[in-house]
Structures are given as structure tokens and as C-alpha cells.
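Just so it is clear, none of the values below were taken in a lab; they were calculated from the coordinates. Please read all numbers here as calculations on a predicted model, not as lab measurements. FYI the Cβ positions are ideal-geometry reconstructions off the backbone, even for glycines, and counts take in every protein chain you see.
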Amino acid sequence: MFCERNNFRCDKCNRVVNVKDREEHVLLHEFVTCECGESAERQYLEQHQDRECALRMVGCDYCGMRVRANAKNSHELDCGAKTDVCDDCGCLVLRRDKMLHIATNCMEGKFQPAIERYTIASTS
């Protein structure tokens, strides 16, 4: 029940709030600027920083390293072009192709370990 003496209706969100909490509630709707430069209502700043902010930390899909969201694509271009030894067959595989390699090409240990193959090939 809405009683004007004890409550007020917020004109931004239409919620009924106790008059004692009015100042605190009004602050929720105040726009603040995130360190990335985006603005959001104070009540949504944490959500922005967790889900949308370009400066939030995210994991690389290839190595798991934590990088800023705005640097993830650049990092993954470099990281995905690096090679790792396949644990199953010993082949050198591009990180970006590892899942495809395991699903389609991996011979599960039928090859020499990659380090031995590399040493043999480079001494020939």
C-alpha cells in the first residue's frame, strides 16, 4: 500500500520506497563513469564491470592466461599461433587447432614424440 507520508514512488523505476531510504535509493540511479570510460547507473556498475567492461579480466581460450577483455582477441591471435605437443600422439599442433586435431587427426601415440621428430628433421 502506498502512503505518501511514509513512502515515495521513484519516478525513474516506479518503485515505492520508504522516505527514510529515499536519498540512498536516488543514488542508485545516479550515473557514474567506469574506469573504462562507459557510464552506467550506480546500481548497474558492478554488473557492467563483471560482464561488459572492456577492462575486465577474461581467460584466454588457448592458454588460460587472464587478460583484459579489450586485449583478448590480440592475445589469442598470437597465442593460437603457438604450438604445443599433443599429449596423445606427440605431434606439434597449433593451439587454435588442438581441439580439431584431437577430434579428427590424432593418432594416439602412433608417432614419435614431437621433440624427437624435430631433432631428427633438423639434423638431416
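Annotations
- Residues (out of contact with any helix residue (DSSP H, G or I) (no Cβ under 9 Å at 6 or more places or on another chain) and either hydrophobic (A, V, I, L, M, F, W, C) or touching a residue at least 40 places away in the same chain (Cβ under 8 Å) (or both)) located in the stretch 45-68: L45
- Among strands (runs of 3 or more DSSP E) entirely within the stretch 1-112, having at least 1 residues that are over 17 Å from the mean Cα position of the chain (by Cα) singles out 7-9, 16-18, 31-33, 39-41, 83-85, 92-94.
To keep it simple, each residue is scored yes or no on (1) surrounded by 10 or more Cβ atoms within 10 Å (Cβ to Cβ); (2) out of contact with any helix residue (DSSP H, G or I) (no Cβ under 9 Å at 6 or more places or on another chain); (3) more than 30 Å from R56 (Cα to Cα).
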| residue | (1), (2), (3) |
| --- | --- |
| N7 | yes, no, yes |
| R15 | yes, no, yes |
| R22 | yes, yes, yes |
| H25 | yes, yes, no |
| L28 | yes, no, no |
| F31 | yes, no, no |
| Q43 | yes, no, no |
